[in-house]
């Protein structure tokens, strides 16, 4: 993502998780607020709206709610799904931030850094076709600890 952000020339950038748990057919949902001139950044949520959602992992859901609430407290945002890996930004937004983290640390880092810019942020509902561990899902408790570290570092400490 860091390399892509440095080289992008398009006016809008969409982050699409590589495992296709998010439907590329829903790009229009992310683009609509930016193209209408209402948003500088659009975050997706698997937890709002009426789109289809595969039902998985209660403890992942609970951890995500905890981490999202903590990140919201650190950034004064009211997101519902910090860990949704489907986002859109005006190119100029991404050119104002430098990412340092890897894996799931990117989610709280990019959110905190965008929040500090005091931009117009929207959230849109998307469908979600989540994978199981048997399907190849890789996230584990260590990623939750890393996200917590990043919320403290980039959110509360403002690094």
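The values are calculated or read from the model by the stated rules, or taken from the named source; none is laboratory data. In this text, all values refer to a predicted model and were calculated from it rather than measured experimentally. Counting neighbours? That spans all protein chains shown, and the Cβs are built from the backbone with ideal geometry, glycine included.
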Handout entry: Subset of the stretch 11-46 (residues that are surrounded by fewer than 14 Cβ atoms within 10 Å (Cβ to Cβ), more than 25 Å from residue 72 (Cα to Cα) and modelled with pLDDT under 95)
Key = 18, 20, 24, 25
Fill in the blank from the handout: Within the stretch 1-45, residues part of a loop (DSSP other than H, G, I, E, B) and out of contact with any helix residue (DSSP H, G or I) (no Cβ under 9 Å at 6 or more places or on another chain) come out as 17, 18, 19, 20, 21, 22, 23, 36, 37
Practice task
Could you give me the residue pairs with C-beta distances under 7 Å whose first residue belongs to the stretch 134-153 and is more than 17 Å from residue 61 (Cα to Cα), whose second residue is part of a helix (DSSP H, G or I) wherever it lies, and which are 6+ apart or on separate chains?
Solution key: 150/105; 150/108; 150/109; 151/67; 151/70; 151/71; 151/74; 151/108
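Looking only at the stretch 142-159, count every residue that is at negative phi and at pLDDT below 85 and tell me the total. Break it down stepwise before answering.
Initially, the stretch 142-159 is screened for residues at negative phi, giving 142-157, 159.
Now narrow it down to the ones that are at pLDDT below 85: 159.
Residues meeting the conditions: 1.
Within the stretch 76-159, which helices (runs of 4 or more DSSP H) (wholly inside it) include 3 or more residues that are surrounded by 15 or more Cβ atoms within 10 Å (Cβ to Cβ)? Show your work before the answer.
Numbers: elements: 91-94, 106-116, 141-150.
Hits in the stretch 76-159: 106-116, 141-150.
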Exercise for the section: Among the numbered conditions (1) surrounded by 14 or more Cβ atoms within 10 Å (Cβ to Cβ); (2) closer than 25 Å to residue 33 by Cβ; (3) touching a helix residue (DSSP H, G or I) at 6+ places or on another chain (Cβ under 7 Å); (4) at pLDDT 95 or above, tell me where residue 70 comes up short. Expected result: (2)
